[in-house]
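The values are calculated or read from the model by the stated rules, or taken from the named source; none is laboratory data. This is a predicted model, so every value here is computed, not measured. Cβ sites come from the backbone with ideal geometry, for glycine too, and all protein chains shown count toward neighbours. What goes into the accessible areas is simple: the full protein's heavy atoms, side chains included, and nothing from ligands, DNA or RNA. Shrake-Rupley method; radii C 1.70, N 1.55, O 1.52, S 1.80 Å.
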Amino acid sequence: MTPTVPLRHPSAPRPVPGPGLGTLARMLGLSTPGPEEFRELGEALTVGDRPMDELVEWMYREGMATTRPLFERALREGIAAVPEAPEPLREFFEYVETVPEWVDRRKIRHAERVSCLGGRDGIYVARDMSFLGGYLASGFNKTLLRTGALEKGPAKRFAETTQWAMDVTAPGGMALRGSGFRSTVHVRLIHSLVRRHVAAMPDWRAEEWGLPINQTDMAATLVGAVIAPMIGAIGMGVVITPRDADAMAHLARYVGWVMGVEERFLPTDFRDSVRILYHTLTAITNPDDTSRQLAIPMRDEPLGWHYDHLQGLRRRIARSQHLSIAMMYLGPSAMKRLGLPSRTLPWYPVLRIPINLARSARARLIPGQFERVVAEGRAAQLSFIRTLAGPDAAVIGGSAEHITPAA
């Protein structure tokens, strides 16, 4: 039987948002996906995460009150520390705790450091290019809106996403039971809970939208979260070498594997990560009214950020600053489709280019300074999470946990 392709899948590849990704893809010799590959992207809109989805079904059959604590204990301590674990739970954790042979820990350690080189600017790009630009994929928005994204506001969800990224790139974060490994498996569980909950809603139109949080959307989100901010940081003057870029692609590959992205959508190197991002965006970029619904609140969200001094002034500057970054990377057409000002000048990236070039020169050319720049960058990134979340810590998956009892 030929797999069904949901109606949201376009008949041909669409243009990707912004001028940068298409240009980079052409520079790397990449073209739009061919008919067979494009159809595969459409078919993957109906594919979830079988190992986790089967485990979640078992957890509900047995009762979440008993199975969820066992899951959390296995995640925290390892499945060997849960001798009474039932077979379905043991099978899943033995699978996810078995590190693939292709994982290179040296590359992952290098990627941890590279992710900090951009400091706050790396996270700014993640917010204003990847996170905001992601709302142009209206198929994914259908799921977000049904998990209460509008009511909770964008700051909470982005703070959670940023905390996940900080866990993944923490020293040793993707080691077994490291902070990033645990956070990623936890996100995988939340994805499955949301998938089950939203797919069962009476207004969910599977023939049109496919499966919530499917393989195509997950592949785009993975590379958009791990690789796209690094690409964007280059545009703001952060120097990234080919070795750095391939290390980040390797990190994305392992993170995606732990998160439940199928191997066919995991990048093998930096060029392949750009291919996956470019190809998936040609398939899922289809802005509609939901794009504006989710993007417009982000326009004024900096006016609620937490600063210790000159709060009112700094909030207004932050609003202008982040709109300027979005303009540079998304372009006026995408900004207009998102309901954002389409005549904003990209003043902040222009001001940051010489500063980041100087920081990169310091890190690369002065002995002993690379690790210091990395440490400064990570401290700045952690500080920005506090700016977003204020005194309340960002709890990964917190914005979707309310669905568990009803799922």
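Okay, residues lined up against (1) buried (at least 21 other Cβ atoms within 10 Å of the Cβ); (2) out of contact with any helix residue (DSSP H, G or I) (no Cβ under 6 Å at 6 or more places or on another chain); (3) not basic (K, R):
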| position | (1), (2), (3) |
| --- | --- |
| D269 | no, no, yes |
| R292 | no, yes, no |
| D300 | no, yes, yes |
| G304 | no, yes, yes |
| I317 | no, yes, yes |
| Q321 | no, no, yes |
| L338 | yes, no, yes |
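Contact map, region 289-310: residues that are at negative phi paired with residues that are among the aromatic types (F, W, Y), Cβ distance under 6 Å, separation 6+ or inter-chain. Pairs shown: S291/Y135; L294/Y135; A295/Y135.
Exactly one residue out of I385, I396 is modelled with pLDDT of 70 or more, open to solvent by less than 30 Å² (accessible area, probe 1.4 Å), closer than 20 Å to G180 by Cα and not in a helix (DSSP H, G or I): that is I396.
Of the helices (runs of 4 or more DSSP H) contained entirely in region 170-264, those carrying at least 1 residues that are farther than 30 Å from I353 by Cβ fall at 179-199, 206-209, 215-226, 242-259.
Filtered by the rule that a residue be touching a residue at least 12 places away in the same chain (Cβ under 8 Å), among the β-branched types (V, I, T) and more than 18 Å from M259 (Cα to Cα), region 36-92 gives T67, V82. Against the criterion of being among the charged types (D, E, K, R), at pLDDT below 95 and under 25 Å from the mean Cα position of the chain (by Cα), R113 does not qualify. Look through A380, A361 and report the one residue that is more than 23 Å from D128 (Cβ to Cβ), among the aliphatic types (A, V, I, L, M) and either open to solvent by less than 60 Å² (accessible area, probe 1.4 Å) or in a loop (DSSP other than H, G, I, E, B) (or both). Going through A380, A361 in turn, the sole match is A361. Within region 97-123, being within 27 Å of V194 (Cα to Cα) and assigned to a helix (DSSP H, G or I) holds for one residue alone: I123.
Screening region 216-252 for residues that are under 13 Å from the mean Cα position of the chain (by Cα) and open to solvent by 30 Å² or more (accessible area, probe 1.4 Å) and picking the one that is farthest from S179 (Cα to Cα) gives T221. Within region 170-215, the set of residues being open to solvent by 20 Å² or more (accessible area, probe 1.4 Å), of a type in the set (A, V, I, L, M) and within 22 Å of E262 (Cβ to Cβ) comprises L176, V187, A199, A206, L211. Against the list (1) over 26 Å from I325 (Cβ atoms); (2) at pLDDT below 95; (3) within 12 Å of the chain's Cα centre (by Cα), the condition G148 fails is (3).
Scanning region 38-76 for residues that are assigned to a helix (DSSP H, G or I) and under 15 Å from T216 (Cβ atoms) turns up F38, R39, E40, L41, G42, E43, A44, L45, T46.
The lone criterion from (1) over 30 Å from R8 (Cα atoms); (2) hydrophobic (A, V, I, L, M, F, W, C); (3) touching a residue at least 12 places away in the same chain (Cβ under 8 Å) left unmet by L266 is number (1).
Any chance region 4-16 includes a residue that's in a helix (DSSP H, G or I) and out of contact with any Ser or Thr (no Cβ under 7 Å at 6 or more places or on another chain)? Within region 4-16, none of the residues are in a helix (DSSP H, G or I) and out of contact with any Ser or Thr (no Cβ under 7 Å at 6 or more places or on another chain).
Exactly one residue out of A74, A44 is under 26 Å from the mean Cα position of the chain (by Cα) and closer than 30 Å to V5 by Cβ: that is A44.
Go through region 77-96 and give me each residue that's assigned to a helix (DSSP H, G or I) and exposed (fewer than 12 other Cβ atoms within 10 Å of the Cβ). Answer for region 77-96, where residues must be assigned to a helix (DSSP H, G or I) and exposed (fewer than 12 other Cβ atoms within 10 Å of the Cβ): E77, A81, E87, Y95.
Find the residue count for region 128-169, including only residues that are surrounded by fewer than 24 Cβ atoms within 10 Å (Cβ to Cβ) and either of a type in the set (K, R) or assigned to a loop (DSSP other than H, G, I, E, B) (or both). Within region 128-169, residues that are surrounded by fewer than 24 Cβ atoms within 10 Å (Cβ to Cβ) and either of a type in the set (K, R) or assigned to a loop (DSSP other than H, G, I, E, B) (or both) number 8.
With respect to the conditions (1) assigned to a helix (DSSP H, G or I); (2) of a type outside the set (D, E, K, R); (3) surrounded by fewer than 16 Cβ atoms within 10 Å (Cβ to Cβ), N356 lacks only one, and its number is (3).
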